[in-house]
Amino acid sequence: MTRDARTDTACRIRGDGAEATPRPWTRHAVSRRAWLLVGAATLCVAAPVRADPRTDYMLHCRGCHGPDGAGAPGAAPTFRGHVAKFLAVPGGREYLIRVPGTAQSELDDARTAALLNWIVHEFSAEQMPPDFKPYDADEVARQRHTPLLDVYAVRGELLRAIDAQDAAPAGAARR
């Protein structure tokens, strides 16, 4: 394409080398094309999604624990009617932060805390201790970087403590 400054027109060169009929070259047409390109480029760039705990669960936990928190026997424990019981025994609260799926998650500390709170409320609200204090980013930051070296042994101890607590008379004091 060649440009004729005298008439402010653009001419196409035909295949035989001759110029085709000139057409007006306006700044408005160029501007409109530029804005269309900007708009198309904007659509191609994925906008960040504001994640909420339910979305984080679906993206980071659902694969093992299932969409309903039921888990997978022998692979991932259930959350349903059970996860909040860990909050009532010494070390259980920390365990939920330090378990590898939580501690090694790519989520930042604030989103991890929000996810833990959501899991407890969503899957085990009836078992939640009356003095439950929601997780926060500072607590998650303090706990998640201390590796849980023997997950099964720690989980076994906590489950025994939960069973003992469940077997205690209804009026017995709970933590």
Only one of these is buried (at least 16 other Cβ atoms within 10 Å of the Cβ) and farther than 22 Å from residue 154 by Cβ: 111, 93. Name it.
111
Please list, ordered by residue number, the helices (runs of 4 or more DSSP H) wholly in the range 64-172 having 1 or more residues that are farther than 20 Å from residue 52 by Cα.
92-98, 100-103, 137-144, 151-167
Do any residues in the range 58-74 that are loosely packed, with under 12 Cβ neighbours inside 10 Å have Cβ atoms under 7 Å from those of residues that are among the charged types (D, E, K, R), where the two are at least six apart or on different chains, and which pairs are they?
none
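Here's the yes/no breakdown for (1) over 24 Å from residue 121 (Cβ atoms); (2) modelled with pLDDT under 90:
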{"residue": "35", "(1), (2)": "yes, yes"}
{"residue": "48", "(1), (2)": "yes, yes"}
{"residue": "51", "(1), (2)": "no, yes"}
{"residue": "74", "(1), (2)": "yes, yes"}
{"residue": "77", "(1), (2)": "no, no"}
{"residue": "83", "(1), (2)": "no, no"}
{"residue": "91", "(1), (2)": "no, no"}
{"residue": "101", "(1), (2)": "no, no"}
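The values are calculated or read from the model by the stated rules, or taken from the named source; none is laboratory data. Since we're looking at a predicted model, the values are computed, not measured. Note: ideal-geometry Cβ built from the backbone for every residue, glycine included; neighbour counts use all protein chains shown.
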